[in-house]
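The values are calculated or read from the model by the stated rules, or taken from the named source; none is laboratory data. These figures come from a predicted structure and were not determined experimentally. Cβ sites come from the backbone with ideal geometry, for glycine too, and all protein chains shown count toward neighbours. All accessible areas refer to the heavy atoms of the entire protein, side chains included, with ligands and DNA or RNA removed. Shrake-Rupley method; radii C 1.70, N 1.55, O 1.52, S 1.80 Å.
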Amino acid sequence: MEKNTAIKKTFSELVREGLSVVKKRLVEKENKNNGYLVISGKDGKVKKVPASEL
């Protein structure tokens, strides 16, 4: 039998990639609905940002 030689990824890499996909889909969905996203700025303050700006 031949072993699978695919590149192995760590669990944290898989989670990071998954969250990236989810973030992209969320922004696309809210952009279609002309919606807003609530995010935290670098200073820790909450901001309401139109999805079209992200």
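Points worth noting:
- Overall form of the chain per C-alpha gyration tensor (a/c, 1.5; a/b vs b/c): oblate
- Of Lys24/Lys45; Lys8/Lys32; Lys9/Lys29, pairs whose Cα-Cα distance is over 31 Å: Lys8/Lys32
- Converting phi to 3J(HN,Hα) with the Karplus coefficients 6.51, -1.76 and 1.60 and the offset θ = phi - 60°, region 18-30 yields x, 5, 5, 5, 4, 4, 4, 5, 5, 5, 4, 5, 5 Hz in sequence order, with x at every glycine or proline.
- Share of carbon and sulfur in the accessible heavy-atom surface of the chain [1.4 Å probe, %]: 55
- Positive-pole candidate from Ser12, Tyr36, Ser52, dipole of the chain, charges at beta carbon: Tyr36
- Rounded to whole numbers, the Karplus 3J(HN,Hα) couplings from phi for region 37-47 are 10, 9, 10, 9, x, 5, 7, x, 7, 7, 10 Hz, using 6.51 cos²θ - 1.76 cosθ + 1.60 with θ = phi - 60°, and x at Gly and Pro.
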